[in-house]
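Structure first, commentary second.
The values are calculated or read from the model by the stated rules, or taken from the named source; none is laboratory data. Please read all numbers here as calculations on a predicted model, not as lab measurements. With ideal geometry, Cβ positions are generated from the backbone for all residues, glycine too; neighbour counts draw on all protein chains shown. Just so you know, the surface numbers come from the protein's heavy atoms only, side chains and all, with ligands and any DNA or RNA stripped out. Shrake-Rupley method; radii C 1.70, N 1.55, O 1.52, S 1.80 Å.
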Amino acid sequence: MATAEVSNTRTLKVKRFKPSEDPKKTYLTEEKGLWSWLTTVDHKKIGLMYLGSVTLFFLLGGVLALLLRTELLTPAKTFIEADTYNQFFTLHGAIMVFFVLVPSIPAALGNFILPMQLGAKDVAFPRLNLASFYIYVIGAIFTFFALVNNGLDTGWTFYTPYSIESNSSVIWVTLGAFILGFSSILTGTNFITTIHKMRAPGITWGKLPLNIWALYATSIIQVLATPVLAITLLLLTMERVFGIGIFDPAMGGDPVLFQHFFWFYSHPAVYIMIVPGFGIISEVITTFSKKHIFGYWAIALSSLAIAFIGFLVWGHHMFTSGQSAVATTVFSFLTFLVGIPTGIKILNWVATLYKGSIEMKTPMIYVFIFLFLFSIGGFTGIMLGSLAADIHLHDTYYVVAHFHYVMMGGTLIALLAGLHFWWPKMTGKMYNEFQAKIGAALIFIGFNMTFLPQFIMGSQGMPRRYYNYIDQFTIFHQTSTIGSYILGVGFLLIAYYLLVSLFRGEKAPANPWGSRGLEWQATSPPDLHNFDHTPVIINGPYDYHKPMEEFQLGLADSGHNGHDPSHDATGAKQEVVSN
Amino acid sequence: MSGQNHEHHHHVSTAGQLWAIATGLIILTIVTVVVAKFVPIPAPFDVVAAISIALVKAFLVAAFFMNLYWDTKFNAMLLIMGVAFFLLMVLITLLDTMFRNDIVPSF
Amino acid sequence: MANHSTSHPTHVQHHFVDSDQQFDSAKLGMWVFLVNEILFFGGLFCAYIVYRAWHPELFTQAATELNAFWGAVNTVVLIGSSLTVAMAIRSVQKNQIKGLKINLLITIALAVVFMVVKGFEYAHKFELGILPGELYTYEGIEHAQAAIFFSIYYMMTGIHALHVIIGIGLMWWIYVRANRGEFSSEYYTPVEITGLYWHLVDLIWIFLFPLLYLIE
Ligand code: HEM
Ligand SMILES: [Cu+2]
């Protein structure tokens, strides 16, 4: 077996490889030019290309969101028609879910970091990785086509029978999302294989960074759930082309069955979005507490538990759809269960902070924002999971606030934490810490201003997906709209200082945060093959009580990569017993 | 680990084994047809019989054509996991579709 | 498990340590992909089960329109092709490249036979007006949801047939590469994983056949 699960004891000759602070060759300098980017199989460049595309889509989705909020500034029509409003919220939702949140952490940050945290040169299937990026691009083109051609007005959930009848470009978007699904499946397949087969010597399952555990759980969900979305969207497409009738009540079909199929993917998909965020939080919180993570196995296994239970709760989106009372009750019960592993995680993170030496750097600030916002999002989810309450709250702004607290307050904030955490590693540049803190503050204030009022008006009966409202809700809607502008400014500021850092930023040291993670033992930015030695791991990734030297080991006889080691090998030769 | 000694974990089936499995599969196909067409089994159990035979056939293909019998257990576990999640999807969906009450009777 | 090696044969990609790691990774990746396929078809099987549980009488009536004889023939054809794929892998494991190529060609031939039989079945139904969904015009079955049964039938067999066609393409690609002398007992990863794919196509059919054709 070519993995680290060897049971026999082997002795490896290792020596210390201290990462150079001034690398001569990096993945950015070694293969240059547009063409080398477009045809690269390097997981780091592919990760960055994903990051760029995700950012573009986020911008598009964000502009749509601001337009929606602006329309809601006054109770009656403000500046767009009701139909246009329908199209905008549909595209906003579809873009943010399928094109931003699902690929954001795994395909962008994960692609960059995962092989480095495993001490591998690349993912298991680099060409498949590149293919997944282009499949994403093709899916995007389909969606763009819908955008300019009739739009889409079904809501991101494509519920039948309206999606069968709608005159908008449903097929273009369903095919776009169908294609996108394959890109997600390929990433998941690649990650599972890489985690199993490509770990550097000494990385046992118990020494896997929690980010890897999170990506592992995510990949499992991607592989198990995405194909069901694919077949669902294909059936919907056939429904529109041939009128196959399976979901069409006019032909004796059953529209609720469509909802089952859709949510069998889409509830697990919310975990595809949030679980990788959990991984980032675990990494950042230990680094800036300088302390071993509390409850390593609890956090690692709760990711898998979430992945599993997440498959059993989809019907909580269908409490008012007419599904049977038996199913409704069972789904409500299972929904409560999903809160348990999530709660375990939050408790362990907070316990990690206890007596740590906490350093309030920007990534850590985002972690605190995450803990605050995500907890609100999670608790309101539990409330929605209780049947009686949901009958009242379903399809109101309460649900809108809930999922924005988890998706934006959770996933997107975690993404920002990870982006700021790994930015020096990815680009070799430091951003302006002060501006970053202002940015975080704007995001926090703007976010709560936008979405807290939505809980209140939702519980008072403001339905979602309407372009006008009664006067009673004016104050909430206006606060919300102003909050969204502050959010917008916050994101622009972040984009500004990150871009500036690329050109005028200070040079980043190899390990600016003093992390024990393996990815920080490469140069900033890393070498084309990540490390130019074969890393050997003897300590866990969170062993902050052990000296840094013990984290910088590699096989003594490395240097076979086809290029000379540019790092100074310092320190005496040591012998390490692995396993 | 040296990469040279392949034989130690790539299983090579004998031609006889493969032919035996294929013959078994064809016999089972005939049995399914005969049972379905000529043996009167009351309603739900005819499906049970057909699926049971199909499961045996699937086991033969997976274990001996796809080499799971000799492969690492993890690959077999993947297959079982895929089937298990499929069953979850079906069973929970049936929990709804089999127990709906007509809100408007005779609709 | 080590991340280095001294001898790197040409077929081993740079990021793998040795060909064992490459082979095991490819195989694991393929199994993960097959799990995908199971859930992809799983959606259709789920729709089938839900509708069959709702309208058992429809399924009994409608199945009489399907020809169990030709279904059985196709089952045997696919089993045969599974055998020849397994034989192809055995040949390459024993370094018998000629055997590999012959077995691949037989497999392709059997797959084509399968498609031809399917084609005749489809053509016959089209003539009767048994088309999916709204296009359905057949009057032989008196049931409000008859069209839906055939929608499910066409989706299931259609997507399965699509997999067969993709399989023919893959098999041809393996054959071309074998012709170029790319495979040996040292390196036959693509043959192995294409084989796994083909067996899965067979596995799906093993369930489709009794579920669609053998309902009495
Ligand atoms: C403790 C965990 C959670 C629970 C118990 C929970 C519960 C619920 C419930 C019951 C609903 C349905 C409300 C309704 O439509 O009436 C809902 C909606 C939603 N949730 Fe959650 N949720 C949780 C976490 C999450 C997470 C982590 C995300 C995403 C990252 C998320 C995203 C969503 C979305 C997008 C919707 C609305 C879908 C739509 O109708 O468009 N939830 N949640
Ligand atoms: Cu949900």
* Once whole DSSP H runs in chain A are found, which of them have Cα atoms spread over 27 Å or more along the helix axis and a mean Kyte-Doolittle score of at least 0.0? -> A:43-71, A:126-148, A:170-197, A:210-242, A:255-287, A:325-353, A:362-385, A:433-459, A:474-504
* To do: Place the peptides A:22-32, A:284-294 in order of packing, highest mean first, counting for every residue the other Cβ atoms within 10 Å and averaging per peptide.
  => A:284-294, A:22-32
* Structure fact -> Per the helix-only model, chain B has a calculated mean residue ellipticity at 222 nm (DSSP H runs of ≥4, -39500 (n - 2.57) each, divided over all residues, rounded to the nearest 500) of -22000 deg cm²/dmol
* Ignoring ligands, DNA and RNA, what percent of the 1.4 Å accessible area of chain A is carbon and sulfur? -> 68 percent
* Under a 1.4 Å probe, what is the accessible area of region A:189-249 per residue, stated in Å²? -> 13 Å²
* To do: Compute the acute angle (0 to 90°) between the alpha-carbon long axis of helix B:43-60 and the principal axis of greatest extent of the alpha-carbon atoms of chain B; round to the nearest 10°.
  => 10 degrees
* Using only Cα atoms, locate the centre of region A:95-158 and the centre of region A:30-44, then give the distance between them in Å, rounded to an integer. => 18 Å
* Asked: Against the longest principal axis of chain B, how steep is helix B:15-38, in degrees 0 to 90 to the nearest 10, with axes from Cα atoms?
  -> 10 degrees
* Once the principal axes of the Cα atoms of region C:25-213 are found, what is the range along each, listed largest first in whole angstroms? -> 60, 30, 23
* Asked: What residues of region A:237-255 lose no less than 40 Å² of accessible area with every protein chain in place versus their chain by itself (probe 1.4 Å, heavy atoms only)?
  -> A:PHE242, A:ILE244, A:ILE246, A:MET251, A:GLY252, A:ASP254
* Asked: Per residue of chain C, what 222 nm ellipticity follows from adding -39500 (n - 2.57) for every DSSP H run with n ≥ 4, rounded to the nearest 500?
  -> -25500 deg cm²/dmol
* Asked: Which value, in square angstrom to the nearest 100, describes the accessible area buried between chains C and B on both sides, using a 1.4 angstrom probe?
  -> 4500 Å²
* Proximal lysines relative to B:LYS73, as straight alpha-carbon distance under 22 Å, when same-chain residues fewer than 8 apart are discounted -> A:LYS197, B:LYS57, C:LYS27
* Structure fact -> Given backbone amide H placed at 1.01 Å from N, residues whose amide H is under 5 Å from that of A:GLY253, ignoring those fewer than 5 places away on the same chain, are A:ASP248
* **Which of A:ALA495, A:MET116, A:ALA510, positive extreme of dipole for chain A (C-beta unit charges)** => A:ALA510
* Asked: What do you reckon, how do B:TYR69, A:TYR466, A:TYR542, A:TYR159 stack up by accessible area (1.4 Å probe), largest on top?
  -> B:TYR69, A:TYR466, A:TYR159, A:TYR542
* Asked: Roughly how big is the C-A contact, given as buried accessible area in Å² (both sides, 1.4 Å probe, nearest 100)?
  -> 3800 Å²
* Hey, how many Å between the Cα centroid of region C:105-181 and the Cα centroid of region A:478-501? -> 53 Å
* To do: Summarise the long-distance tail of P(r) for the protein assembly as shown by giving the % of C-alpha pairs beyond 42 Å.
  => 37 percent
* Structure fact -> From DSSP H assignment alone, runs of 4+ in chain A each adding -39500 (n - 2.57), the sum over residues rounded to the nearest 500 puts [θ] at 222 nm at -20000 deg cm²/dmol
* For chain C, modelled as a Gaussian network with Cα springs under 10 Å, which listed residue fluctuates most, C:ALA86, C:ALA62, C:ALA53? -> C:ALA53
* Structure fact -> The alpha-carbon center of region A:192-218 and that of region A:330-395 are separated, in whole Å, by 25 Å
* To do: Round to the nearest 10 and give me the degree value, 0 to 90, for the angle of helix C:97-128's Cα axis relative to the longest principal axis of chain C.
  => 20 degrees
* Asked: If we sort B:34-42, A:13-21, A:524-532 on the protection proxy, mean other Cβ atoms within 10 Å, highest first, what's the order?
  -> A:524-532, A:13-21, B:34-42
